[in-house]
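Below is one structure; the comments refer to it alone.
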Amino acid sequence: MELTGKLVVVTGGGNGIGKALCEAFATAGAATVIVADLDGAAAEAVAAAVGGEGHGLDVRQEAALAALVEEVETRYGRIDLFCSNAGIIAGDGEPWYATSAPNATWQAMWDIHVMAHVYAARACLPGMIARGEGYFLNTASAAGLLNQVGDAAYSTTKHAAVGFAEALAITHGDDGIKVSCLCPQAVATQMIASVEGGGTAGVDGVISPAQVAASVIDGLAEERFLILPHPQVESYRQRKAQDYDRWLGGMRKLRRRFGNPTI
């Protein structure tokens, strides 16, 4: 994808990876960057810095997300790239069972990591299909390809996020729709600020949001489905596919090494 002159929307754009994406897209020549975030003031601050527009948005609310898409399409005629990037993290919590997180945490993870992607696609697809082109960048996680020790809800919903991105690519590739799925390990954001060394996700190092954004720019240019800022993830993914039981044993070993409280 050539970003010059493109209209880009980024959710979760007020900080962390989303903020870095907005900055990178503006530098790459995007015509307009629409910055959406639950923290409207943060979205407006980032937008001011990149010459874009800031909007307060709760991605769990389909009507609000659809209204934003309609407003942008009405004013600009199109959305070239929609980056569904908002995310949260929580941890299993005591007694550190895979079922320990309360239902409210599971529901929030589902709404933000999966349904927000569905809502964005549902709102954008009609216009994109009518034009015969459009691009989705869905932020998942290496946890969606592997797993995140100590956070079953995060791991499960990130797997679902990858599955939905695959479905988008399979169902709408012939409509001219491109899809990339961003799957980093530990990134130096507010989400892991309290985790020394990035926890189990930081075994290959904690990278900066700017490094993630640089990987995204390269991945979009090549129109790759999987964008892996930590290249080791591909070898882990292959090992998992080759010998699932051995991989599970290795993950249990990793859990014993780090202990339960990873968040």
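Would the stretch 140-162 turn up any residue that is surrounded by fewer than 20 Cβ atoms within 10 Å (Cβ to Cβ) and out of contact with any helix residue (DSSP H, G or I) (no Cβ under 8 Å at 6 or more places or on another chain)?
no
Every residue, every condition in (1) aliphatic (A, V, I, L, M); (2) part of a strand (DSSP E or B); (3) farther than 29 Å from Ala241 by Cβ, yes or no:
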position: Ala108; (1), (2), (3): yes, no, yes
position: Asp111; (1), (2), (3): no, no, yes
position: Ala121; (1), (2), (3): yes, no, no
position: Leu125; (1), (2), (3): yes, no, yes
position: Leu137; (1), (2), (3): yes, yes, no
position: Ala143; (1), (2), (3): yes, no, no
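Mind counting the residues in the stretch 231-244 that are of a type outside the set (D, E, K, R), in contact with a Phe, Trp or Tyr (Cβ under 9 Å, 6 or more places away or on another chain) and touching a residue at least 12 places away in the same chain (Cβ under 8 Å)?
Total satisfying the criteria: 1.
If you go through the stretch 75-84 one residue at a time, do you hit one that is of a type outside the set (Gly, Ala, Ser), touching a residue at least 40 places away in the same chain (Cβ under 8 Å) and in a helix (DSSP H, G or I)?
Yes, there is a match, as at least one residue in the stretch 75-84 is of a type outside the set (Gly, Ala, Ser), touching a residue at least 40 places away in the same chain (Cβ under 8 Å) and in a helix (DSSP H, G or I).
Is at least one residue of the stretch 32-43 crowded, with 21+ Cβ neighbours inside 10 Å and assigned to a loop (DSSP other than H, G, I, E, B)?
no
Report yes if some residue within the stretch 48-55 is under 17 Å from Ser208 (Cα atoms), modelled with pLDDT of 95 or more and either among the basic types (Lys, Arg) or in contact with a strand residue (DSSP E or B) (Cβ under 8 Å, 6 or more places away or on another chain) (or both); otherwise report no.
No - not one qualifying residue is present in the stretch 48-55.
Would you mind finding the one in Ala98, Ala104, Ala108, Ala152 that is free of Cβ contacts under 8 Å to residues at least 12 places away in the same chain and farther than 21 Å from Leu220 by Cβ?
Result of the check over Ala98, Ala104, Ala108, Ala152: Ala104.
In a strand (DSSP E or B), of a type in the set (S, T, N, Q) and under 18 Å from the mean Cα position of the chain (by Cα) - does that describe any residue in the stretch 146-159?
Within the stretch 146-159, not a single residue is in a strand (DSSP E or B), of a type in the set (S, T, N, Q) and under 18 Å from the mean Cα position of the chain (by Cα).
Go through Arg255, Arg246 for me and flag whichever is farther than 23 Å from Glu166 by Cβ, surrounded by fewer than 12 Cβ atoms within 10 Å (Cβ to Cβ) and of a type in the set (Lys, Arg).
Arg246
Taking the condition of being closer than 11 Å to Arg78 by Cβ and either surrounded by fewer than 22 Cβ atoms within 10 Å (Cβ to Cβ) or of a type in the set (A, V, I, L, M, F, W, C) (or both), how many residues in the stretch 111-138 meet it?
The total comes to 6.
Please specify each residue of the stretch 13-28 satisfying the condition of being more than 14 Å from Gly51 (Cβ to Cβ) and touching an Asp or Glu at 6+ places or on another chain (Cβ under 6 Å).
Gly14
Given the criteria touching a Gly at 6+ places or on another chain (Cβ under 8 Å), at pLDDT 95 or above, within 24 Å of Val8 (Cβ to Cβ) and not hydrophobic (A, V, I, L, M, F, W, C), does Pro229 qualify?
No; evaluated as a whole, the condition is false for this residue.
The values are calculated or read from the model by the stated rules, or taken from the named source; none is laboratory data. No experiment lies behind these values; they were computed from the predicted model shown. Every residue, glycine as well, gets a Cβ built from its backbone with ideal geometry; the counts of neighbours run over all protein chains shown.
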